[in-house]
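Below: the structure, in structure tokens.
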Amino acid sequence: MLIVHVHVHVKPECIEAFQAASQENAQHSVREPGIARFDVVQQLDDAARFVLVEAYRTEAAAAAHKETAHYARWRDAVAPMMAEPRHSVKFSNLFPADDGW
């Protein structure tokens, strides 16, 4: 299991548009067979900061996700909304075991 946290800081005037684009992307992403979970979370004390929590069954599934049309639409739509470049941190899960997803 590969878990990726994508940290995003958007321009204040773009919060609603970012939410809408990210929710649409997430709705499509959770239908991908290689994705176990795909969450969009917003920071409570700074509404312009988000984390996408993506859980992939394999590294190949993560690569395949970036080839989808819905990811390309999201990437292109949100690029001008960024207050700074997004960055990601990758994790492997220790618990629950992969079969728990």
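Enter the angle in degrees (range 0 to 90, nearest 10) between the Cα long axis of helix 69-78 and the first principal axis of the Cα atoms of the chain, meaning the one along which they spread out most. Helix 69-78 sits roughly 30 degrees off the main axis of the chain. Residues whose amide H falls under 5 Å from that of Ala83, counting only those 5 or more places apart or on a different chain, are His9, Val10, Lys11, with hydrogens built in the peptide plane.
Summarising the amide proton neighbourhood of Asn93: residues at separation of 5 or more, or on other chains, whose placed amide H is nearer than 5 Å comprise Ile3.
Radius of gyration over Kirkwood radius for segment 2-89, both on Cα atoms: the Rg/Rh ratio is 0.95. Between the helical axis of 15-29 and the longest alpha-carbon principal axis of the chain there is an angle of about 20 degrees.
Compute, for segment 2-89, the length of the dipole vector about the Cα centre, with Cβ point charges of +1 (Lys, Arg) and -1 (Asp, Glu) only. Units Debye, rounded to 20.
On the way: 9 positive and 12 negative charges, 45 e Å.
So the dipole magnitude of segment 2-89 works out to roughly 220 debye.
Here, each number is a calculation from the coordinates, and none is a lab measurement. Not measured: the values here are computed from a predicted model. Using ideal geometry, Cβ is built from the backbone for each residue, glycine included, and neighbour counts are taken over all protein chains shown.
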